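The values are calculated or read from the model by the stated rules, or taken from the named source; none is laboratory data. The shown structure was predicted, so the numbers you read here are calculated from the model rather than taken from an experiment. Quick reminder, even Gly has a Cβ in these numbers, built from the backbone with ideal geometry, and neighbours come from all protein chains shown.
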Amino acid sequence: MSINPQNFYISVIDLFSIIIPGGIATIVLYHNFGDTIDSIFVIDKNVTNYLWAILLLYSYILGHVIFQIGSYLDRPIYDRWKGNRNADLIAEIKNIRGDVTTKIIKSNHDWAYFYLISIKSPILEEVNRKMADSKFFRSLFVISLGLIVLYPCKMIFSKDDKETWPILFVMSILLAIFSCWSYLKLRNKSSKTAYEFVIFHESIKDQLPKPSSN
């Protein structure tokens, strides 16, 4: 059985969008609350393999939490940012959809995605790739927001590393800006690609050869 490189890439990105933000959260939490974590789980720091297992477990669990939090950002952040972008494409998609599917499937993106699945379009891989990339940056955006909240608290209440916290705070802001912009652009590109292909396919479907009945 052959492995589709595109599907493998998407699976890796989906995994990274969970593990990497979860790993960052784990490192930050352990750095600030390491003694408490050690006392709760009775971690022996001399057992290296055990520490790596704990790190991966924490990263995976926290990564899923961050991923789920990120899933709630589409409506308040992406939908507002999107505004009238792709307005012409969306208007054409609504004409293609009709009233029945509009009542059942509210999201134009979801409808276009289901359309691509139904016709087994190869462009679906490109849409999935862009969506996987956007989810990765969405998770990074969530963790950067957490860091933006954490570091000012550390600057106020911590007596250690007075010079380090402001630098980390600025870096967190830059990470938030970069990851949010990347998330929004890739999410929009995914929808735009899906809309454009659906419209294109609808315009030429009568010219396509009919499937054989044999």
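Counting only residues that are hydroxyl-bearing (Ser, Thr, Tyr) and more than 16 Å from Gln68 (Cβ to Cβ), which one in the range 13-31 is modelled with the highest pLDDT?
In this case the residue turns out to be Thr26.
Test Arg80 against the stated conditions and say whether it is part of a helix (DSSP H, G or I), among the charged types (D, E, K, R) and out of contact with any strand residue (DSSP E or B) (no Cβ under 7 Å at 6 or more places or on another chain). First the steps, then the outcome.
Working: part of a helix (DSSP H, G or I): yes; among the charged types (D, E, K, R): yes; out of contact with any strand residue (DSSP E or B) (no Cβ under 7 Å at 6 or more places or on another chain): yes.
Yes.
Can you find a residue in the range 167-185 that is farther than 22 Å from Val65 by Cα, under 14 Å from the mean Cα position of the chain (by Cα) and either basic (Lys, Arg) or surrounded by fewer than 18 Cβ atoms within 10 Å (Cβ to Cβ) (or both)?
Within the range 167-185, one or more residues are farther than 22 Å from Val65 by Cα, under 14 Å from the mean Cα position of the chain (by Cα) and either basic (Lys, Arg) or surrounded by fewer than 18 Cβ atoms within 10 Å (Cβ to Cβ) (or both).
Could you look through the range 107-122, keep only residues that are crowded, with 16+ Cβ neighbours inside 10 Å and farther than 25 Å from Gly70 by Cβ, and pick out the one that is modelled with the lowest pLDDT?
Taking the range 107-122 as the starting set, the residues that turn out to be crowded, with 16+ Cβ neighbours inside 10 Å are 108-109, 111-113, 115-116, 121.
Add one more test, that the residue is farther than 25 Å from Gly70 by Cβ, and what stays is 115, 121.
Working: Tyr115: 90, Ser121: 86.
The extreme case among them is Ser121.
How many residues does the range 148-200 contain that are among the hydroxyl-bearing types (Ser, Thr, Tyr) and within 30 Å of Asn86 (Cβ to Cβ)?
7
With the requirement that a residue be buried (at least 18 other Cβ atoms within 10 Å of the Cβ) and more than 19 Å from Ile27 (Cβ to Cβ), what does the range 138-157 give you?
Arg138
Scan the range 158-172 and report the pairs whose first residue is within 15 Å of Val28 (Cα to Cα) and whose second residue is in a loop (DSSP other than H, G, I, E, B) and at pLDDT below 80, with Cβ atoms within less than 8 Å and a gap of 6+ or a chain change.
Within 8 Å, the pairs are Trp165/Ser158.
Of Ile104, Ile54, Ile90, Ile40, which residue is modelled with pLDDT of 85 or more and β-branched (Val, Ile, Thr)?
The conditions single out Ile90.
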